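**Q** Structure provided below as structure tokens; questions to follow.
The values are calculated or read from the model by the stated rules, or taken from the named source; none is laboratory data. Remember, it's a predicted structure, so these values are computed and weren't measured experimentally. Cβ atoms come from the backbone with ideal geometry, glycine included; neighbour counts cover every protein chain shown.
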Number of protein chains: 4
Amino acid sequence: MTKLRVAIIGASGYAGGVAARLVATHERLVIAFATSDKLAGESVAVHLGLPRARLTAAQPQFVPNAAALDHADACDAVLLATAADVSMRLVPEFATRGKQVVDLSGAFRLDMRAYPRWYGFDHAAPGWLDRAHYGLPELFGPPAPGAVVANPGCYPTAALLALAPLLRERLVDPRGIVVDGKSGVTGAGRQSGDAYAFAEVHDDLRAYKVFTHQHTPEIERGLLRMASGVELTFTAHLLPINRGLMTTCYARPLPGASAKRVAECLADAYAKTEFVRAVAPEQVSLKRVVGTNFAHVGASADAGMVIAIGAIDNLLKGAAGQAVQNLNAMNGWHDAMGLEHLQRVSP
Amino acid sequence: MTKLRVAIIGASGYAGGVAARLVATHERLVIAFATSDKLAGESVAVHLGLPRARLTAAQPQFVPNAAALDHADACDAVLLATAADVSMRLVPEFATRGKQVVDLSGAFRLDMRAYPRWYGFDHAAPGWLDRAHYGLPELFGPPAPGAVVANPGCYPTAALLALAPLLRERLVDPRGIVVDGKSGVTGAGRQSGDAYAFAEVHDDLRAYKVFTHQHTPEIERGLLRMASGVELTFTAHLLPINRGLMTTCYARPLPGASAKRVAECLADAYAKTEFVRAVAPEQVSLKRVVGTNFAHVGASADAGMVIAIGAIDNLLKGAAGQAVQNLNAMNGWHDAMGLEHLQRVSP
Amino acid sequence: MTKLRVAIIGASGYAGGVAARLVATHERLVIAFATSDKLAGESVAVHLGLPRARLTAAQPQFVPNAAALDHADACDAVLLATAADVSMRLVPEFATRGKQVVDLSGAFRLDMRAYPRWYGFDHAAPGWLDRAHYGLPELFGPPAPGAVVANPGCYPTAALLALAPLLRERLVDPRGIVVDGKSGVTGAGRQSGDAYAFAEVHDDLRAYKVFTHQHTPEIERGLLRMASGVELTFTAHLLPINRGLMTTCYARPLPGASAKRVAECLADAYAKTEFVRAVAPEQVSLKRVVGTNFAHVGASADAGMVIAIGAIDNLLKGAAGQAVQNLNAMNGWHDAMGLEHLQRVSP
Amino acid sequence: MTKLRVAIIGASGYAGGVAARLVATHERLVIAFATSDKLAGESVAVHLGLPRARLTAAQPQFVPNAAALDHADACDAVLLATAADVSMRLVPEFATRGKQVVDLSGAFRLDMRAYPRWYGFDHAAPGWLDRAHYGLPELFGPPAPGAVVANPGCYPTAALLALAPLLRERLVDPRGIVVDGKSGVTGAGRQSGDAYAFAEVHDDLRAYKVFTHQHTPEIERGLLRMASGVELTFTAHLLPINRGLMTTCYARPLPGASAKRVAECLADAYAKTEFVRAVAPEQVSLKRVVGTNFAHVGASADAGMVIAIGAIDNLLKGAAGQAVQNLNAMNGWHDAMGLEHLQRVSP
């Protein structure tokens, strides 16, 4: 059986590294090549600890990022784990060459007008924004053949999975929504600055990018597909762990939003999905999802507030795992192919 | 100079242990005796790692909890680090005997009617509730001589320090307030159940007691002293650390509540305090306060929301440190006596 | 293709839980049933977070441990993750019934005479000790068909992989060997005592069972298969992490044991193995192996000492992963079947 | 009472920061000035979270490192928390000017001949090496008035406290000693490289500087003051914690070295010290010492080996706390002055 040849662009970052490992252990995928300036010339298998038997006979080495397009002929699909401004330029190049494209950056997730404020640049390929499919399949369906996939951000994945069904079913007020997010350090990508030194992060907790986090408009845009009038406040906190992300979401109840009703709403919304499970809100925890592509969500309510909590592994359901789900959908494969063997880390 | 003889009731718990160490290193205090069923007969100094020179010549041993009142004559003041239902019965006994009393439990923090719902018992000493002083001195002043002090809970201390000045100055709407709390495991007291085993808590995060945490009415009651019409939602999360607590608070802005104005409000409120410092919200972090009696608070705003964040060491400013502040006030000593030498843990 | 039906005895412990997940995602294995007193009646798939599609149509529930033999007909093979005294009685029962047996306890790893001292009981089935195969395949080969497999302990796996080739090649003195071990808490199995409470273990390190750890005679016995005259001192330390184990081994060099030579010795010993990789000693780290079935080993030497370091995931190569390797070997399958998709946890 | 004015050179590092806090809370010391290139011009009190009341009226700011000698007149004593090559040049300058000098680097701890190999430079002030007092007071006594103090390294402090009495009493063989060390990340000083990023260190363990750690000759030299013929192997490991250090030491027993005898040897050696406590080896743990200036040591033996374990807070007894002990001794004050109020971090 011929395998789909996948290029990993930006494979020395955290999400890129996980993506490469998922591709290498997927029964229908094989790594075509991987790019990294830092690791150019090194063996992909050795550096990433990949099972060698699953790579191509040629045993690929890392190539410099700038050479990505030169090797385009060698691949059928591309996973980009690059910065948004890099993806913004590379995605149209690969798509024009007929490659299946899944972009893990934020370059194709928002309206053109949002980029200067939230990403600090004018979008260089605005024509591609409408053609991009926001790849959160449990809420927005599979990508159409030939679509460019904008793979969702980590906080938006958890927040939208927890909140969107409640908005869609008119159980919560779209105004005044609060999303309080907490993430391990790999959510920020590979960082070498002092702020991410072990001695600074260990045993600590702090909020960051208060009122300015770029996932704010992305969550808002996803919620607006469910209801109009959404007003959102989002805050991110840095947890002293490596992997795992939780969003605790607060919204005012609309008539009928009892504790029982909101729990049932989530259970019904995801009953047929492979990866999203509705549980009691106190049972939503990082340890049940880290290492897997699962998202756990849970909701409850009292007279004045609905609380909905979502938890994911930010590098899997929040990045590379969801990218593989999107690749599976683009090729007509089962949603869980290459992801069902993942084991949670917690004993 | 004669030292005040302090009894520590419940000294084998986390807060009780820290209280004992603070008393032992305080220049005007000395441990009269300490109680613990588990440690009865052992040396207080050895078990708690206390500097021996600072204890009385007699080198006290732990006595059983049931013997606490038998030793009452040996002390001038009492710190109770006991469960609420135990404190409820002991506090009046010690107070009636003329002892200075600081109770670290929730037994004297609420209205009588709140106890069945939030603490699961009818209050056995309701007459003492009005006489108890809620000991958060930066907001509610020092205790009067002879008052019984209800030492505030950990989440309430952080939440009230961050929010109360904003409510008092009419900068935020008292309705629809959200407090998202995160605490290390010592906030729950010494626990031996499976839920607190290392392998369950490490690298994890989860919400607990959703809509049912007993600190909810305590925060609400504190805020109601600042403004009427308060509606509050509070959620607690368990962090995979030992010490440190943060509350991220959300409230709708009232006219005039700019980012600059809310920051100034906190700075002004605490400018003259020894232990509360107003900083930017992204600079509020556990590592700046853990090991010390400091609380750090910070606030900002956009058009739709005010965010106010507070951080403390839950065992110091959130428990034993604040108890020593209250003892200092009751005896007319400087607010920081016995607390200024505390060193933060973060390097 | 018919799958081998595997029973997991003691599936609510850490190693048993991981074993169940490995079986459920293995292409030639299926869970026949799983035992747990605590979880009897609950769904195996839900509790362990298993991919449901990989279980049998019947969707097994946990059965009580005492019912294990009653269900024996339903299985072809048994993985026992039980205490040594329980395994000692169950293993002969299953073996007599013709089942393939892999025992993860220490019940069949030592000489009969060692059990009173190191395990605290007289061995009840000494006749089976000689028939048991010590299942460390990279050193001692695959089990013969029909053998009972004594799956090695976690410390012995890491220590023997690092040291045995050096002894076999006469590069180190068998006398005066020191093994300094460090392990995460899951190495001790599921524990609910105070000593394993989060607040006790977090940020701590301590030695345990000094001179009395039951893995001491097991390491010694493995080394004695390589050289006579072995004298061993082994110390275990508890690390504040969940998974991962390292052994730092010290042995005096024999003539010819240069830094280069000892490194080559390990490289040669494992060049053809699937799971053991020789690297520089400073590159042996938990993060490269945790989440996988790999063992990393490295050695160096100066004039007075050889240092050899080994690292594994104590629940995989140190327990359940190695058990699956042994099952693979007993059935003539490839060494890595069902293990090659495992992803390391470190980003 | 006039206070001794102390300069902190290199106060933005971990040890320098802790030293500054200890000086600021010491009843007989006051910060004269502190140096840091990175923080030049900032307030010392604000940056280090110092109690403001304890600083001088002038509220010192950081001055650039290069200006250290320009301010020499403002101080009576100097604590240097600088790199060894910097201390090598500054120490003679301050000593010549009549200042009390405690150097926390390795610049004055070894023989001249050791520097090229272990520190990578020829010593520029060899004449001062003999005049330097190795400041481990429990083993080598207090510094003479006017001495330059070479404050011991962190690993040497723990290893020597555990081993030296056993060597002195002829209970262990000086040949073939193994010291297996484990330290939190602050032992390496403030590091910004990728190797010390949170995501690299968290949940990991690795050996470093195998056979090349600069503390090897320092431990050896200390042991040689107790017995001739010492042969030592030392290995350091990086723990995923911030503070705390343990050394597990192995030495062959000489006649008479029973378990009881070696335990008594340590108990006797430290019975009269303020900061070193002999306990059972399994009770030596980081949590009992981190946050304090205590060292805990414990030893046991079987027929073939003596194991001696030592634990300290690497920034206190292993650096700044011991420096204050040395300052106390130079001024004729009590050993524990300014250190007895330190609280352990573990609850």
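**Q** Give region B:43-60 a look and list any residue that's free of Cβ contacts under 8 Å to residues at least 24 places away in the same chain and away from chain D (no Cβ under 14 Å), or say none.
**A** Residues satisfying the conditions are B:A57, B:A58, B:Q59.
**Q** While we're here: Filter region C:184-196 down to residues that are in a loop (DSSP other than H, G, I, E, B) and more than 10 Å from chain D (Cβ to nearest Cβ), then give me how many there are. Quick ask: steps written out before the conclusion?
**A** Start the filter on region C:184-196 by keeping residues that are in a loop (DSSP other than H, G, I, E, B), which leaves C:184, C:189-193.
Pick out the ones that are also more than 10 Å from chain D (Cβ to nearest Cβ) and you get C:189-193.
Looking only at that region, the number is 5.
**Q** Okay, next question. Count, please, the residues in region A:13-40 that happen to be at the interface with chain C (Cβ under 10 Å from one of its Cβ atoms), under 16 Å from C:H341 (Cα atoms), of a type in the set (G, A, S) and under 16 Å from the mean Cα position of the chain (by Cα).
**A** Summing the residues that are at the interface with chain C (Cβ under 10 Å from one of its Cβ atoms), under 16 Å from C:H341 (Cα atoms), of a type in the set (G, A, S) and under 16 Å from the mean Cα position of the chain (by Cα) in region A:13-40 gives 1.
**Q** Determine whether C:W128 is in contact with a strand residue (DSSP E or B) (Cβ under 7 Å, 6 or more places away or on another chain) and either over 30 Å from B:R190 (Cα atoms) or more than 14 Å from every other protein chain (Cβ to nearest Cβ) (or both).
**A** Numbers: in contact with a strand residue (DSSP E or B) (Cβ under 7 Å, 6 or more places away or on another chain): yes; either over 30 Å from B:R190 (Cα atoms) or more than 14 Å from every other protein chain (Cβ to nearest Cβ) (or both): yes.
Spelling it out, C:W128 is indeed in contact with a strand residue (DSSP E or B) (Cβ under 7 Å, 6 or more places away or on another chain) and either over 30 Å from B:R190 (Cα atoms) or more than 14 Å from every other protein chain (Cβ to nearest Cβ) (or both).
**Q** Another question about this same structure. Quick check: anything in region B:176-183 assigned to a loop (DSSP other than H, G, I, E, B) and either surrounded by 24 or more Cβ atoms within 10 Å (Cβ to Cβ) or outside the structural domain of B:A280 (by TED's automatic domain parsing) (or both)? Walk me through it before giving the result.
**A** If we filter region B:176-183 for residues that are assigned to a loop (DSSP other than H, G, I, E, B), which is where we start, we get B:176.
Remaining after also requiring either surrounded by 24 or more Cβ atoms within 10 Å (Cβ to Cβ) or outside the structural domain of B:A280 (by TED's automatic domain parsing) (or both): none.
For region B:176-183, residues assigned to a loop (DSSP other than H, G, I, E, B) and either surrounded by 24 or more Cβ atoms within 10 Å (Cβ to Cβ) or outside the structural domain of B:A280 (by TED's automatic domain parsing) (or both): absent.
**Q** For region C:127-149, state whether one or more residues are aliphatic (A, V, I, L, M), touching a Pro at 6+ places or on another chain (Cβ under 7 Å), in the same structural domain as C:A15 (by TED's automatic domain parsing) and under 29 Å from D:V178 (Cβ atoms).
**A** Start the filter on region C:127-149 by keeping residues that are aliphatic (A, V, I, L, M), which leaves C:129, C:132, C:136, C:139, C:144, C:147-149.
If we keep only those that are touching a Pro at 6+ places or on another chain (Cβ under 7 Å) as well, we get C:136, C:149.
In the following step, the residues that additionally are in the same structural domain as C:A15 (by TED's automatic domain parsing) were identified as none.
No, region C:127-149 contains no residue that is aliphatic (A, V, I, L, M), touching a Pro at 6+ places or on another chain (Cβ under 7 Å), in the same structural domain as C:A15 (by TED's automatic domain parsing) and under 29 Å from D:V178 (Cβ atoms).
**Q** Evaluate region D:87-102: report whether one residue or more is buried (at least 18 other Cβ atoms within 10 Å of the Cβ) and among the polar types (S, T, N, Q). Lay out the reasoning, then the answer.
**A** Within region D:87-102, the first condition is being buried (at least 18 other Cβ atoms within 10 Å of the Cβ), and the residues that meet it are D:87-88, D:90-92, D:94-95, D:99-102.
This time we only want the ones that are among the polar types (S, T, N, Q), so: D:87, D:100.
Looking through region D:87-102, at least one residue is buried (at least 18 other Cβ atoms within 10 Å of the Cβ) and among the polar types (S, T, N, Q).
**Q** Could you tell me which numbered condition D:L139 fails, if it satisfies all but one of (1) crowded, with 24+ Cβ neighbours inside 10 Å; (2) within 15 Å of D:C249 (Cβ to Cβ)?
**A** (1)
**Q** For region B:96-113, check the following and say yes or no: at least one residue is hydrophobic (A, V, I, L, M, F, W, C), within 21 Å of B:G318 (Cβ to Cβ) and in a helix (DSSP H, G or I).
**A** Within region B:96-113, not a single residue is hydrophobic (A, V, I, L, M, F, W, C), within 21 Å of B:G318 (Cβ to Cβ) and in a helix (DSSP H, G or I).
**Q** If you scan region A:184-202, which residues turn out to be surrounded by fewer than 16 Cβ atoms within 10 Å (Cβ to Cβ) and under 21 Å from the mean Cα position of the chain (by Cα)? Let's see the steps before the verdict.
**A** Here is the first cut: in region A:184-202, the ones surrounded by fewer than 16 Cβ atoms within 10 Å (Cβ to Cβ) are A:192-195.
Answer for region A:184-202, where residues must be surrounded by fewer than 16 Cβ atoms within 10 Å (Cβ to Cβ) and under 21 Å from the mean Cα position of the chain (by Cα): there is none.
**Q** Which of the following residues is at the interface with another protein chain (Cβ under 10 Å from one of its Cβ atoms), closer than 24 Å to C:G106 by Cβ and not in a loop (DSSP other than H, G, I, E, B): C:A329, C:A311, C:A323, C:A299?
**A** Only one candidate passes the filter, namely C:A311.
**Q** In region A:1-32, what residues are part of a loop (DSSP other than H, G, I, E, B) and hydroxyl-bearing (S, T, Y)? Talk me through it step by step, then tell me what you get.
**A** At the first step, the residues of region A:1-32 found to be part of a loop (DSSP other than H, G, I, E, B) are A:1-3, A:10-13, A:25-28.
Selection gives A:T2, A:S12, A:T25.
**Q** Say whether the condition of being closer than 21 Å to D:Y208 by Cβ and in contact with a Ser or Thr (Cβ under 9 Å, 6 or more places away or on another chain) is met by at least one residue in region C:326-344. Let's see the steps before the verdict.
**A** Of all residues in region C:326-344, those closer than 21 Å to D:Y208 by Cβ come to C:344.
Now narrow it down to the ones that are in contact with a Ser or Thr (Cβ under 9 Å, 6 or more places away or on another chain): C:344.
Scanning region C:326-344, I find at least one residue that is closer than 21 Å to D:Y208 by Cβ and in contact with a Ser or Thr (Cβ under 9 Å, 6 or more places away or on another chain), so the answer is yes.
**Q** To continue, here is another question. For B:S43, state whether it is of a type in the set (S, T, Y) and over 24 Å from the mean Cα position of the chain (by Cα). Steps first, answer last, please.
**A** Numbers: of a type in the set (S, T, Y): yes; over 24 Å from the mean Cα position of the chain (by Cα): yes.
Here the answer is yes, as B:S43 does meet what is asked.
**Q** With respect to B:A45, determine if the residue is within 20 Å of D:F294 (Cβ to Cβ), of a type in the set (A, V, I, L, M, F, W, C) and surrounded by fewer than 24 Cβ atoms within 10 Å (Cβ to Cβ). Step through it out loud before you land on a result.
**A** Values: within 20 Å of D:F294 (Cβ to Cβ): yes; of a type in the set (A, V, I, L, M, F, W, C): yes; surrounded by fewer than 24 Cβ atoms within 10 Å (Cβ to Cβ): yes.
For B:A45, the condition - within 20 Å of D:F294 (Cβ to Cβ), of a type in the set (A, V, I, L, M, F, W, C) and surrounded by fewer than 24 Cβ atoms within 10 Å (Cβ to Cβ) - is met.
**Q** Here's a follow-up. Looking only at residues in region C:203-253 that are more than 7 Å from chain D (Cβ to nearest Cβ) and polar (S, T, N, Q), which one is surrounded by the fewest Cβ atoms within 10 Å (Cβ to Cβ)?
**A** Among them, the one singled out is C:S228.
**Q** Would you be able to tell me the number of residues in region C:267-296 that are hydrophobic (A, V, I, L, M, F, W, C), within 14 Å of chain D (Cβ to nearest Cβ) and buried (at least 24 other Cβ atoms within 10 Å of the Cβ)? Quick ask: steps written out before the conclusion?
**A** Applying the first criterion (hydrophobic (A, V, I, L, M, F, W, C)) to region C:267-296 yields C:267, C:269, C:271, C:275-276, C:278-280, C:284, C:286, C:289-290, C:294-295.
Next, only the ones that are within 14 Å of chain D (Cβ to nearest Cβ) stay: C:279-280, C:284, C:286, C:289-290.
Next cut, buried (at least 24 other Cβ atoms within 10 Å of the Cβ) only: C:284, C:286, C:289-290.
Residues flagged as hydrophobic (A, V, I, L, M, F, W, C), within 14 Å of chain D (Cβ to nearest Cβ) and buried (at least 24 other Cβ atoms within 10 Å of the Cβ) within region C:267-296 amount to 4.
**Q** Quick one: is C:G146 surrounded by fewer than 19 Cβ atoms within 10 Å (Cβ to Cβ) and over 30 Å from B:P240 (Cα atoms)?
**A** Criteria met by C:G146.
**Q** Shifting gears a bit: Which pairs turn up if I take residues in region A:210-238 that are not assigned by TED's automatic domain parsing to the domain that holds A:L166 and look for partners that are at pLDDT 95 or above with beta carbon separation below 9 Å, at least 6 apart in sequence or on another chain?
**A** Listed pairs, sorted by first residue: none to list.
Conditions (1) at pLDDT 95 or above; (2) out of contact with any helix residue (DSSP H, G or I) (no Cβ under 8 Å at 6 or more places or on another chain), marked per residue:
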site	(1), (2)
C:N65	no, no
C:T82	yes, no
C:A144	no, yes
C:C154	yes, no
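**Q** Another question about this same structure. Is there a residue in region B:89-99 that is over 24 Å from D:M337 (Cβ atoms) and free of Cβ contacts under 8 Å to residues at least 24 places away in the same chain? First the steps, then the outcome.
**A** Restricting attention to region B:89-99, the residues satisfying the condition of being over 24 Å from D:M337 (Cβ atoms) are B:89-99.
Next cut, free of Cβ contacts under 8 Å to residues at least 24 places away in the same chain only: B:96, B:98.
Yes, that holds for at least one residue.
**Q** Residues in region B:124-131: is at least one closer than 30 Å to B:H334 by Cβ, crowded, with 22+ Cβ neighbours inside 10 Å and of a type outside the set (S, T, N, Q)?
**A** No, region B:124-131 contains no residue that is closer than 30 Å to B:H334 by Cβ, crowded, with 22+ Cβ neighbours inside 10 Å and of a type outside the set (S, T, N, Q).
**Q** Could you say which residue among A:A144, A:A158, A:A162, A:A150 is closer than 21 Å to A:G187 by Cβ and in contact with a His (Cβ under 9 Å, 6 or more places away or on another chain)?
**A** Numbers: A:A144 fails: closer than 21 Å to A:G187 by Cβ; A:A158 fails: in contact with a His (Cβ under 9 Å, 6 or more places away or on another chain); A:A162 fails: in contact with a His (Cβ under 9 Å, 6 or more places away or on another chain).
Going through A:A144, A:A158, A:A162, A:A150 in turn, the sole match is A:A150.
**Q** Next up: If a residue must be among the charged types (D, E, K, R), over 24 Å from D:W118 (Cα atoms) and within 14 Å of chain C (Cβ to nearest Cβ), how many such residues does region D:138-183 contain? I'd like the intermediate steps shown before the answer.
**A** Restricting attention to region D:138-183, the residues satisfying the condition of being among the charged types (D, E, K, R) are D:138, D:168-170, D:173, D:175, D:180, D:182.
Filter once more, keeping what is over 24 Å from D:W118 (Cα atoms): D:138, D:168-170, D:173.
Imposing the further condition that a residue be within 14 Å of chain C (Cβ to nearest Cβ) reduces the set to D:173.
Final tally of qualifying residues: 1.
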